[in-house]
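Taking it in order: structure first as structure tokens, then the write-up.
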Amino acid sequence: MKSLGECEMKLKRKSKQKLKKRAGTVYTALVFIFLYMPIMIIILFSFNTSERNVVFEGFTTKWYGIMVQNSALLYAFKNTLTVGFWSTLISAAIGTLAAVGMYRYRFHGRNLIDMLLYIPVVIPEIVLGISLLSMFSLCHVSLGLASLVAAHVTFCIPFVVFTVRARLSGYDNSIEEAAMDLGANRRQVFFRITVPVISPGIISGAALAFTLSVDDIIISFFTTGPKSTTFPLKAMELVRTGITPDVYALSTIVITVTFSVVLTVQTVLYKKNKKLNES
């Protein structure tokens with residue numbers, strides 16, 4: 001009787017484990033459907049023959065041709081890529097230097113600076129946008145691509161600092177000391193040893209800064225000029241009158257570019273981590 005009871009208990013445990021696995025699989029599938037269904041709908045309706053985009057009536061690629069002829073939409077997309085590129089480049093450089101400096105050196109006010117880095121992250125974007133607009137007005141800075149890049153750099157730098165500093169948490173300083181004992185100066189040590197070691201963090205921070213810059217709306221609304229409208233702002237303008245299928249087509253291209261950037265970054269990070277593990 002005891003052995004039969006043990007067998008029944010084992011069967012019950014196995015059945016419970018199977019139910020938990022199935023429930024976990026269903027839950028994961030529902031989460032992914034919830035996250036990616038809107039993206040799939042945008043891609044689907046970019047090939048829709050109907051202009052109303054209420055029901056999918058047929059497959060066509062004519063909206064991509066119309067999109068190419070929409071100069072205002074392409075100009076906004078060009079501004080988005082320009083601002084994203086420069087804000088990513090500047091914030092990655094400043095954020096990397098700040099992360100290395102705060103990790104390596106101890107100085108008065110270090111904890112205060114560390115605390116101030118969280119302010120652009122935690123405060124509402126509308127407050128940050130209004131404060132940046134007020135600063136540009138007081139400094140008599142005309143609104144345009146330059147002000148837009150400066151605003152995006154402001155809220156992108158903390159994310160780069162946090163990402164690079166996380167990479168530096170397990171950094172071994174003895175490598176730099178050994179290099180300096182062999183005759184390398186500080187510049188050579190930084191560019192030939194420190195930067196390659198923390199490059200996965202720099203790449204991740206730069207990719208995060210680029211995605212944040214590309215999809216920003218609120219801060220861009222306050223800091224952009226009449227001739228520097230970005231694609232998200234242009235899309236918000238079109239929402240009031242109705243989104244045309246060519247906007248869906250350009251959104252599909254933006255999704256493809258973002259996915260390609262993320263895939264490239266993940267591939268580079270995987271190869272770098274693989275080389276580090278092998279060495």
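Per-structure values
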| read-out | value |
| --- | --- |
| Gained length - Lys271 relative to Ala178, 0.36 nm times residue gap less alpha-carbon distance | 30.9 nm |
| Helix-derived mean residue ellipticity, 222 nm - over the chain, DSSP H n ≥ 4, -39500 (n - 2.57), to 500 | -26000 deg cm²/dmol |
| Gaussian network model of the chain, Cα within-10 Å springs - most flexible of Thr28, Thr96, Thr80 | Thr28 |
| The stretch 1-147 - percent relative contact order, Cα under 8 Å, separation 6 or more | 9 |
| Cross-link reach list, aspartates and glutamates versus Lys272, counting only Cα pairs under 18 Å and skipping chain neighbours closer than eight places | Asp172 |
| Span-like helix ranges in the chain, DSSP H, alpha carbon extent 27 angstrom or more, Kyte mean at least -1.0 | 2-45, 71-104, 145-168, 195-214, 245-278 |
| Distance in nm between pseudo-label sites at Leu89 and Leu44 (7 Å out along the Cβ direction from Cα) | 4.1 |
| Between the stretch 8-44 and the stretch 50-103, the Cα center-to-center distance that results, in Å | 33 |
| Inter-label distance for Ser169 and Gln69, nm, one decimal - labels placed 7 Å from Cα along Cα-to-Cβ | 5.5 |
| Difference of contour (0.36 nm per residue) and Cα-Cα distance, Leu238 to Lys78 | 55.9 nm |
| Computed label-point distance, nm, for sites Thr258 and Arg110 using a 7 Å Cα→Cβ extension | 3.7 |
| Calculated FRET value between Ser137 and Ser15, using beta carbons and R₀ = 45 Å, to 0.05 | 0.10 |
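Every number in this text was worked out from the coordinates using simple rules, so none of it is lab data. Keep in mind that what you see is a predicted model, and the values were worked out from it rather than measured. Because the Cβ atoms are built from the backbone with ideal geometry, glycine has one as well, and the counts that use them run over all protein chains shown.
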